Amino acid sequence: MKSQVVLPVIAIIAATALSSVFIVDEREKALVLQFGQVKQVKETPGLGLKIPLIQEVVTYDDRILGLQGQPLEVTPLDDRRLVVDAFARWRITNLVDFREAVGAGGVDAAQTRLDRILNAAIREVLGSVPSNRVLSEDRTSLMNQIRDRARQESAALGVEIIDVRLTRTDLPDQNLSATFARMRAEREREAADEIARGGEAAQRVRASADRTVVELTSDARRQAEVIRGEADGERNAIYAEAFGRDPEFFAFSRSLTSYERALQSGNSSIVMNPDSEFFSYLRSEQPPVAASE
């Protein structure tokens, strides 16, 4: 009879004892709530105690969580609209503030509020700079500014924004064709400028080459005239020396040269007296003392 009473009591006591113990995983943090009020914070892994039936345990992920934002359209300073995708990493730092901020919604409610905070920070930062900064290597500093602003706004939620990254920054579909046309026009203008500068440089090179040709030709002609004059002088000196040594032979040689030049087949006909002194070497067996051309 006693055993029938004792065993149920022991079972009830054991169940009550077990229900008063809870385990916190190393990847989690826990809050002990009593009628919705926080009574205990358990941030280290291990066993914890609570009052059965009165208190409940709520656990939260202690790891770094990710937040993938929805595509957001922003307007930078130059009114060139952009579509931005952002990704953030965050974690819970203060369980009490987090519970008070999001209530029973937990991580899902926090994600919704963080998404709004992140979007507001993106619009504020990217709306204060021109679009070329957003599309350039300066994006890193812009992402850091977005992170800092979102971190300030999210501190009241008991969370910390660890990092923010802009995963995509594109133009809206309706603006692509106009943007491509403007880019094409800019490139064509740059190409025309380059062609004009190239033509101007080529003209300068051609002018310099023509001037060099004229200078070289003039110098070559001058040198040729000098050499020709020197050769004529040397030739005349040789003629004078030859005439001085043997006037008769010099006269004979000059006459033969005259015959060769005058009696060529391509020359015009010559009409002159056969007794002319020009033919003196052709009609006399004894050469004259002197003969002219």
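The values are calculated or read from the model by the stated rules, or taken from the named source; none is laboratory data. Model, not experiment: these values are computed from the prediction. Heads up, the Cβs are rebuilt from the backbone with ideal geometry, glycines too, and the neighbour counts pull from every protein chain shown. Calculation scope for accessible area: heavy atoms of the full protein, side chains included, ligands and nucleic acids excluded. Shrake-Rupley method; radii C 1.70, N 1.55, O 1.52, S 1.80 Å.
A few comments on the model shown:
- Any hit, the range 146-154, residues being at pLDDT 85 or above and among the β-branched types (Val, Ile, Thr): yes
- Residue-level analysis places Ala88 outside the set of residues that are part of a helix (DSSP H, G or I) and either open to solvent by less than 80 Å² (accessible area, probe 1.4 Å) or hydrophobic (A, V, I, L, M, F, W, C) (or both).
- Condition met for Phe22 (aromatic (Phe, Trp, Tyr) and either modelled with pLDDT of 80 or more or in a loop (DSSP other than H, G, I, E, B) (or both)): no
- There is at least one residue in the range 90-100 that is touching a Ser or Thr at 6+ places or on another chain (Cβ under 8 Å) and in contact (Cβ under 8 Å) with a residue 60 or more places away in the chain.
- Arg139 vs. criteria at pLDDT 90 or above and charged (D, E, K, R): no
- For the range 134-151, the set of residues classified as over 27 Å from the mean Cα position of the chain (by Cα) and of a type in the set (D, E, K, R) consists of Arg147, Asp148, Arg149, Arg151, listed by residue number.
- Of the helices (runs of 4 or more DSSP H) lying entirely inside the range 100-205, those containing at least 2 residues that are of a type in the set (A, V, I, L, M) and closer than 22 Å to Leu77 by Cβ are 106-126, 139-154.
Residues are listed down the side, and each one gets a yes or a no for (1) among the hydrophobic types (A, V, I, L, M, F, W, C); (2) surrounded by fewer than 10 Cβ atoms within 10 Å (Cβ to Cβ); (3) in contact with a helix residue (DSSP H, G or I) (Cβ under 6 Å, 6 or more places away or on another chain); (4) more than 30 Å from Arg80 (Cα to Cα):
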{"site": "Val107", "(1), (2), (3), (4)": "yes, no, no, yes"}
{"site": "Thr112", "(1), (2), (3), (4)": "no, no, no, no"}
{"site": "Val129", "(1), (2), (3), (4)": "yes, no, no, no"}
{"site": "Asn132", "(1), (2), (3), (4)": "no, no, no, no"}
{"site": "Asn144", "(1), (2), (3), (4)": "no, no, no, no"}
{"site": "Ile162", "(1), (2), (3), (4)": "yes, no, no, no"}
{"site": "Pro172", "(1), (2), (3), (4)": "no, no, no, no"}
{"site": "Glu194", "(1), (2), (3), (4)": "no, no, no, no"}
{"site": "Gln203", "(1), (2), (3), (4)": "no, no, no, yes"}
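- Among (1) modelled with pLDDT under 70; (2) surrounded by 10 or more Cβ atoms within 10 Å (Cβ to Cβ) - the single one Glu285 does not satisfy: (2)
- All positions within the range 53-85 that are loosely packed, with under 14 Cβ neighbours inside 10 Å, within 30 Å of Phe22 (Cβ to Cβ) and either over 51 Å from the mean Cα position of the chain (by Cα) or in contact (Cβ under 8 Å) with a residue 60 or more places away in the chain (or both): Leu53, Ile54, Ile64
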